[in-house]
Each structure stands twice: as structure tokens, then as C-alpha cells.
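First up is the structure itself, then whatever we jot down about it.
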Amino acid sequence: MQDTIRERFVDSTGGVRIATYEQGNPDGPTLVMAHGWPDSHVLWDGVVSRLADRFRIIRYDSRGVGKSSVPKPVSAYRIARLADDLGAVIAAVSPGEPVHLLGHDWGSVAAWEYLGRPGACDRVASFTSASGPGIAHYGGYIFDSLKRPYRPVQFGRAVDRLLRLAYWYPFAAPVVAPAVFKRLMRRSANKLLTDRVPADQRYRSETACVDLVNSLKIYRALAVSPPTEFPADRYVSVPVQLIVGAKDPVVRPHGFDDLSRWVPRLWRRDINAGHWSPMSHPQVLAVGVAELVDFLEGKPASRALLRAQVGRKRDDFGDTLVSVTGAGSGIGRETALAFARAGAELVISDVDEATVKDTAAQIVERGGVAHPYVLDVSDADAVERFADQVCAEHGVPDVVVNNAGIGQAGEFLDTPADQWERVLDVNLGGVVNGCRAFGKRLVARGTGGYIVNVASMASYSPSKSLNAYCTSKAAVYMFSDCLRAELDAAGIGLTTVCPGTIDTNIVHTTRFDAPDRSDESVEIRRRQLEQGFRRRNYGPDKAAKAIVSAVRKNKPIRPITPEAYLLYGTARVLPQAMRNAARAKIV
């Protein structure tokens, strides 16, 4: 990588000179970055640092910004003129080879305009667009939909899009808008129009205030001559990737829903971001560009790129990586099998090597893909090493199921301290360790994900004879509620699963601490409970089906079995009844 930035000027239409900035790998593919309002080439700082080893990067300041020319006529700021600048930059920096484009806001709009010109598609190898639709596509959809009020959903969305563009007109006011923005910039220059991203990610130049005021003429040009006619031929043959901000207040996600009509090679990544995704999610843009270019150059498509391909048929969890702990038996095994049937690739782990390998073999026999690992979830260091290995070899899992757990029966005063702590180490610690190891990686990835924490109906139904078990599962329940709120901002969902009486081997492996009973009577009681579980006839396959459904529907809490639902409601409506029932002795 070359850290040195080479500055040069490119001549564009109307005598305008465009300041360009080159850095990165001089032998890599050329990537041209186009910014929007009120930004400059500095907007891309967070993205550049992640791509400079791979690409020869060309950034430039649009007209009216930074060291580029500042033409006075409003007409000089029409989108067509911005497209002229992009074309001039491409021709100057890469006269022989096509370039890859990355655009945001009006920079992306200008790129769409450029791609609509004869021969432009031969000059561009790919285009990644963030929060900047093509006027022909976006405006054409609005006007076409407004002509069809008999289609209420489509008509309503068109009206919504049109109203969200109304901000153009106050921004276009000749004297008032510049004065207002100057005052706002003086008061909070580094916070204005940044979606409240962290301070160290607000990429703005020292000339931001002047740049903002000068480039307001983009809105004035649109207000003076708004687009009202749209070509029937809106096709773009270049491979296009959309980075769609789910929280963008102006460019709404549904604004891209029909784009595949005009762009036959289209990929779309929806992220939990606002308008300034180059600031808030630079890693997402960088990875998206790199994965698309790698694929176009002949490498296999990444799992994320396959998921993003518009129009590609796949199963519900196709091209998805799912991690399941405690997958050697019971609910864990059946959950792994269920996700495999839904198309997922599995990373499965268990403390028992033989059983987890058997689960993997079953998945492979049925045509799936599974990677077995031996793991003690109560060992935080081991879980961290496991996460490192999984992410390095297979990528960050899209769904993480923290299922591993152990049973424990006995009153508190009868349970040895080390056994009580062991139950919490596995049942609670295992969930915490899994969430810490994979949760931070999901957040860093920036594209969302999902976590499932398996608790129990025991988490809200106390029993004096299941003290350690109930305590551990109740802690999982509350921990998950807290974590769900924390991860929501990153677009990561979380389901707390609360199984009831599921016919697994948990009773057989449960330790009973009942000093007032002989070993023989304890074993008799164990067999009675096992028979009761079998007669209940609610297998782990049904629990697994519920887990997959909960992930699909983003359910925060998912009791499993009728009795789990009944106790869930009773615990909220009649808590004293639950406390009274807790006195019953089941061991």
C-alpha cells in the first residue's frame, strides 16, 4: 500500500477543473469514489483505509467543493454537469481500462446519470451505490405509480417518495438557506448531517462550511428545472450493487424494490444505517466492493454476495452460516438439522466429540454442510479461540444458537457449592461467552445477524427443587432481554427460547442432589421422569422447528410447548400462584 496521496486536476465541461486524489495500490484495479452533498473526498476516509492495499483509489471533489472550481451559474450544478465531471475523471485516470465506481448521495446519482450515456458502460466494470438512486429509475417509478391510484400500495409509496423530496425547495432558497446553514455549521460543524455517528467517524474536511454553501446550488438547479420526463429505456448493463440504509430518512428502502427491471445484474445489501453509511458503516462498503470485484474477476462469490444477489432463488437460510452449541444431542442436534434442511451451512460444537461428529455426519448424509468442533462453552478462553477459528476458516456466523446446557435437580442447601457454580458456568456462562465472542464480531461486521439463547420455562417458573437450574435459566432470560436492547442498533436480532417438557436426554444426564433419598430411590425417580417426558411425546425436532421459525419471524421470546406458554402467561398475571407452586418437591 502507498500512503502518499497524489493530487492532480482534471478538466471538465465549462472550464471547470476537478481536484482528484490518488492513493493505494498502483497495480490494483482502479476504484473511483464520488461523494455527495455536503461532503468532499474526505467522506471516504474510513473506506479508503480498508481498500488501499487492494485498489488503486481515485477520489475527487465535485465542482464547488474543496480545490475544485466553483462555477457561479446555477445551471452549472445540474446532475448532467456532475456526470460530466465523473466522466472526465474516469477518462483522465484510466483511459484504457474500465474502472469500478463507488458513489454516495449526489455522487451516486451522477454515476447513474453517467451510466445512462452511450458507451459509458464500456468504461465501468462495476458500480456500488449508497443512498443515491438514479433519477430516471426513481423519478420514473414515482410518476408511473402516480398514474395508477387503483394500486394503493404502489401509489402510497410513490407519494411517500415524492414528499420526502420536498426538502429540495427550502434547501434551494437563494439567501435564506446559505445563511441558515452557515449559522448551523458554525455552531456544530462536526455534527451537522452525520446521522449522529461517533465523532472519530465524522469524515469532513476543514472547508466543509464553504463547500456546503457552494454546493447548495445542486438543489437550486433541481428546483429551477426539476426532472419531469424520464426515458423509457432505463437499462444499465453494468453490474450494480446497492448498499441500502434501512433508516435513511429520504432515500427509502422501497425506492429500490423495482430496480431489477432495469438492472439485470443487481446485488442488494440492506443494513441498519441512516443516510451517511460511508461514515457509520465504512467496513460494509469496503467489504461489499471487494467481494463484488473479486467475484467479477473470477473468484467464487462470498456467502454474503450470494445472499445479496437479487432474483437468485435460494432456501430461507441458503448461503447462511449458523453456529449451534450443544449440537451433539437433543434440541441442539435437531436445531442443526433443521437449519441444514433450510439451506444453511452449519458450524456445530459440543463437549462430546463423538456425538457432535455424528450430528455432522447426519447433516452431510442429507446433502448439507457441517463443520464439527469440540467445545466446553463454560471456558471463556476456549470459546474466544473457537470464535477466532470459526471466523477465520468459515466467516462470521449469521445466526448463533447458544444452546449448550446441563440439568441440576436439588434444593439449594443440598446442592454442593461447586456443582451450583458449575450449572451457572455452563448454562449462563456458556450463553454469555458465546454472545461476547460472536456478538462483537457481528457488530464489527456491520451487516446485522441473529442470536438465539436457549433458556427454559424454568426461567419464569420457580421451583425449590430446581434452584440452580431455574436460577441459571432466569439469568439467561434477563441477560438476553438486556442484550437484545443493546444489539438492536446494530440490526442484530435476538430470540430467547424457553422450552417446556421436551423429550431429550436431559433427565438422564441431570445430577440429583437429594441427601434424604437413597441412590436407588433417586434412580427410580429419574426413570419415572424420563417415562413422563417420553409420554409427553414432544420431541426436540418440534423445538427445533420453533427455533427456526422464531429466527425467521424475529420473535423476542419464544416459549415452546403449551405448558411453557401457560406458565409464561401465569407468571405475569398470577405471580403469587407461581410462588406457591414453587414449594412442591419434585426430586
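The values are calculated or read from the model by the stated rules, or taken from the named source; none is laboratory data. These numbers come from a predicted model, not from an experiment. Heads up, the Cβs are rebuilt from the backbone with ideal geometry, glycines too, and the neighbour counts pull from every protein chain shown. Ligands, DNA and RNA are excluded from the accessible area calculation, which covers all protein heavy atoms including side chains. Shrake-Rupley method; radii C 1.70, N 1.55, O 1.52, S 1.80 Å.
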remark   = By residue number, the members of region 421-438 that are of a type in the set (S, T, N, Q) and either open to solvent by less than 10 Å² (accessible area, probe 1.4 Å) or in contact with a strand residue (DSSP E or B) (Cβ under 6 Å, 6 or more places away or on another chain) (or both) are 427
request  = State whether one or more residues within region 96-107 are closer than 28 Å to residue 247 by Cβ, in contact with a Pro (Cβ under 6 Å, 6 or more places away or on another chain) and assigned to a helix (DSSP H, G or I).
outcome  = no
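The rows are residues; the columns are (1) basic (Lys, Arg); (2) in contact with a Cys (Cβ under 6 Å, 6 or more places away or on another chain); (3) farther than 29 Å from residue 166 by Cβ.
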{"site": "243", "(1), (2), (3)": "no, no, no"}
{"site": "282", "(1), (2), (3)": "no, no, yes"}
{"site": "285", "(1), (2), (3)": "no, no, no"}
{"site": "312", "(1), (2), (3)": "yes, no, yes"}
{"site": "328", "(1), (2), (3)": "no, no, yes"}
query = Restricting attention to region 339-349, which residues are on the phi < 0 side of the Ramachandran plot and open to solvent by 10 Å² or more (accessible area, probe 1.4 Å)?
reply = 340, 341, 342, 345
task = Select from region 554-573 the residues that are modelled with pLDDT of 90 or more and not in a helix (DSSP H, G or I) and list them in ascending order.
result = 554, 555, 556, 557, 558, 559, 560
ask   = Condition test on residue 418, is it out of contact with any Ser or Thr (no Cβ under 7 Å at 6 or more places or on another chain) and either open to solvent by less than 40 Å² (accessible area, probe 1.4 Å) or modelled with pLDDT under 95 (or both)?
value = yes
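Within region 354-364, is there a residue that is open to solvent by less than 20 Å² (accessible area, probe 1.4 Å), of a type outside the set (S, T, N, Q) and touching a residue at least 60 places away in the same chain (Cβ under 8 Å)? Break it down into steps so the answer makes sense when it comes.
The initial filter retains those residues of region 354-364 that are open to solvent by less than 20 Å² (accessible area, probe 1.4 Å), namely 356, 359-360, 363.
Pick out the ones that are also of a type outside the set (S, T, N, Q) and you get 356, 360, 363.
Filter once more, so that each one left must be touching a residue at least 60 places away in the same chain (Cβ under 8 Å): none.
Within region 354-364, not a single residue is open to solvent by less than 20 Å² (accessible area, probe 1.4 Å), of a type outside the set (S, T, N, Q) and touching a residue at least 60 places away in the same chain (Cβ under 8 Å).
Pick from 65, 70, 93: which is open to solvent by 30 Å² or more (accessible area, probe 1.4 Å), over 32 Å from the mean Cα position of the chain (by Cα) and over 19 Å from residue 297 (Cβ atoms)?
Numbers: 65 fails: open to solvent by 30 Å² or more (accessible area, probe 1.4 Å); 93 fails: open to solvent by 30 Å² or more (accessible area, probe 1.4 Å).
Answer to the check: 70.
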key: Unmet requirement for residue 493, which otherwise passes all of (1) modelled with pLDDT of 95 or more; (2) part of a helix (DSSP H, G or I); (3) not hydrophobic (A, V, I, L, M, F, W, C)   = (2)
Number of the exception - residue 372 against (1) closer than 22 Å to residue 393 by Cβ; (2) open to solvent by 40 Å² or more (accessible area, probe 1.4 Å); (3) assigned to a helix (DSSP H, G or I) = (3)
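Okay, residues lined up against (1) of a type outside the set (A, V, I, L, M); (2) more than 20 Å from the chain's Cα centre (by Cα); (3) surrounded by fewer than 24 Cβ atoms within 10 Å (Cβ to Cβ):
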site: 383; (1), (2), (3): no, yes, no
site: 389; (1), (2), (3): yes, yes, yes
site: 404; (1), (2), (3): no, yes, no
site: 441; (1), (2), (3): yes, no, yes
site: 482; (1), (2), (3): yes, no, yes
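From the list 136, 158, 166, 110, pick out the single residue that is more than 28 Å from the chain's Cα centre (by Cα), among the hydrophobic types (A, V, I, L, M, F, W, C) and assigned to a helix (DSSP H, G or I). Walk me through how you get there before you give the answer.
Values: 158 fails: more than 28 Å from the chain's Cα centre (by Cα); 166 fails: assigned to a helix (DSSP H, G or I); 110 fails: more than 28 Å from the chain's Cα centre (by Cα).
On inspection, the qualifying residue turns out to be 136.
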query = For residue 60, which of the numbered conditions (1) aromatic (Phe, Trp, Tyr); (2) surrounded by fewer than 24 Cβ atoms within 10 Å (Cβ to Cβ); (3) touching a Ser or Thr at 6+ places or on another chain (Cβ under 6 Å) fails to hold?
reply = (2)
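Identify, please: which residue in region 230-286 is of a type in the set (Ser, Thr, Tyr) and more than 22 Å from the chain's Cα centre (by Cα) and is, among those, nearest to residue 143 (Cα to Cα)?
Looking only at region 230-286, we keep the residues that are of a type in the set (Ser, Thr, Tyr), and these are 235, 237, 260, 277, 280.
Those still in the list that are more than 22 Å from the chain's Cα centre (by Cα) too: 235, 237.
Numbers: 235: 18, 237: 23 Å.
It comes out as 235.
Suppose the filter is modelled with pLDDT of 95 or more, farther than 21 Å from residue 82 by Cβ and open to solvent by less than 70 Å² (accessible area, probe 1.4 Å); does residue 291 pass it? Lay out the reasoning, then the answer.
Numbers: modelled with pLDDT of 95 or more: yes; farther than 21 Å from residue 82 by Cβ: yes; open to solvent by less than 70 Å² (accessible area, probe 1.4 Å): yes.
Against the criterion (modelled with pLDDT of 95 or more, farther than 21 Å from residue 82 by Cβ and open to solvent by less than 70 Å² (accessible area, probe 1.4 Å)), residue 291 qualifies.
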key: Pick from region 259-280, criterion assigned to a loop (DSSP other than H, G, I, E, B) and open to solvent by 30 Å² or more (accessible area, probe 1.4 Å), ranking: nearest to residue 249 (Cα to Cα)   = 272
key: When residues of region 550-578 are limited to those that are among the hydroxyl-bearing types (Ser, Thr, Tyr) and open to solvent by 30 Å² or more (accessible area, probe 1.4 Å), the one farthest from the chain's Cα centre (by Cα)   = 570
query = Which members of region 433-470 meet the condition of being in a helix (DSSP H, G or I), over 28 Å from residue 570 (Cβ atoms) and of a type outside the set (Gly, Ala, Ser)?
reply = 433, 435, 436, 438, 440, 441, 442, 443, 445
remark   = Checked against (1) out of contact with any strand residue (DSSP E or B) (no Cβ under 8 Å at 6 or more places or on another chain); (2) under 30 Å from residue 174 (Cβ atoms); (3) open to solvent by less than 10 Å² (accessible area, probe 1.4 Å), residue 14 satisfies every condition except (3)
ask   = Has region 56-73 got at least one residue that is part of a helix (DSSP H, G or I) and within 19 Å of residue 285 (Cα to Cα)?
value = no
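Going through region 319-357 one residue at a time, which ones are basic (Lys, Arg), over 12 Å from residue 403 (Cβ atoms) and under 27 Å from the mean Cα position of the chain (by Cα)? Walk me through how you get there before you give the answer.
First pass over region 319-357, keeping only residues basic (Lys, Arg): 333, 341, 357.
Of the ones still in play, those that are also over 12 Å from residue 403 (Cβ atoms) are 341, 357.
If the condition is that a residue be basic (Lys, Arg), over 12 Å from residue 403 (Cβ atoms) and under 27 Å from the mean Cα position of the chain (by Cα), then 341 is the only one that fits.
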